[in-house]
Amino acid sequence: MYESMENIASGREQLQKLESEDKYVFHGSENPNLDYLEPRQGYNYKNGIQELDGEPAVFASNKADYAILMALINKYNCPNGYSSSAGTVDNEKGDIVLQLCARKDSIEQLTEESSGFVYIFDKNQFVPREDRRVEFVSKIPVSSLNKIKVTKKDLPPYVEVFEK
């Protein structure tokens, strides 16, 4: 699939290298055994109300940091509840900039042992979402090429922390 990255220290560094190749999309999960993903219904929460997020699909992003956030902020690492989000803005140059947010109590629940997995997929098996600039979907089942374990130290440093 790609060259060996044994000499790269962190999961985030490995994922950033893959992201720079623009051949892959990434899916974050707490589950270590998702080598094969089937389309599922996605959900968003607005004002505490669960809403459907498009049609059933396998969801992924071309931004590894997005997947890292999803792999770490979840019900297993944050058993007392959690909240996180991702979005984009344009910077002064017109480049798309990823914005990641997580609730303070979600971040505070992460321990040194907290971990998750970022699954790597061939970008050609996905299509960009019409309404999202860094999200991709597959309407058919897909097999991952590999997975990389991430830990609290891989959490992107620019995650905006907010109160409830």
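Within the stretch 23-47, residues that are among the acidic types (Asp, Glu) sit with their Cβ atoms under 7 Å from residues that are outside any strand (DSSP E or B), at 6+ positions apart or across chains, in these pairs: Glu30/Ala71; Glu30/Asn74; Glu30/Tyr76; Glu30/Asn77; Asp35/Ser144; Glu38/Pro141.
One residue is enough: does the stretch 58-70 have a residue meeting the conditions farther than 20 Å from Asp22 by Cα, of a type in the set (Gly, Ala, Ser) and either touching a Pro at 6+ places or on another chain (Cβ under 7 Å) or touching a residue at least 24 places away in the same chain (Cβ under 8 Å) (or both)? No, every residue in the stretch 58-70 fails to be farther than 20 Å from Asp22 by Cα, of a type in the set (Gly, Ala, Ser) and either touching a Pro at 6+ places or on another chain (Cβ under 7 Å) or touching a residue at least 24 places away in the same chain (Cβ under 8 Å) (or both).
This table checks each residue for (1) touching a Leu at 6+ places or on another chain (Cβ under 6 Å); (2) at pLDDT 90 or above; (3) of a type outside the set (Asp, Glu).
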| site | (1), (2), (3) |
| --- | --- |
| Met5 | no, no, yes |
| Glu13 | no, yes, no |
| Lys17 | no, yes, yes |
| Glu21 | no, yes, no |
| Phe26 | no, yes, yes |
| Glu30 | no, yes, no |
| Leu34 | no, yes, yes |
| Leu37 | no, yes, yes |
| Arg40 | no, yes, yes |
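Within the option set Tyr158, Tyr119, being part of a loop (DSSP other than H, G, I, E, B) and touching a residue at least 24 places away in the same chain (Cβ under 8 Å) holds for one residue only, Tyr158.
Among the residues of the stretch 121-138, those identified as at pLDDT 95 or above, surrounded by 12 or more Cβ atoms within 10 Å (Cβ to Cβ) and more than 21 Å from Ser83 (Cβ to Cβ) are Phe121, Asp122, Lys123, Gln125, Phe126, Val127, Pro128, Phe136, Val137, Ser138. For the structure I just gave you, tell me whether Leu145 is of a type in the set (A, V, I, L, M) and farther than 19 Å from Ser20 by Cβ. No, not satisfied.
Residues in the stretch 67-118 that are buried (at least 20 other Cβ atoms within 10 Å of the Cβ), hydrophobic (A, V, I, L, M, F, W, C) and in contact with a strand residue (DSSP E or B) (Cβ under 7 Å, 6 or more places away or on another chain): Ala67, Ile68, Leu69, Met70, Ala71, Leu72, Ile73, Ala86, Leu100, Ala102, Phe117, Val118. For the stretch 24-52, a tally of residues being among the polar types (S, T, N, Q) and farther than 25 Å from Lys149 by Cβ returns 4.
The values are calculated or read from the model by the stated rules, or taken from the named source; none is laboratory data. On a predicted model such as this, the values are computed, not experimentally measured, just so you know. Note: ideal-geometry Cβ built from the backbone for every residue, glycine included; neighbour counts use all protein chains shown.
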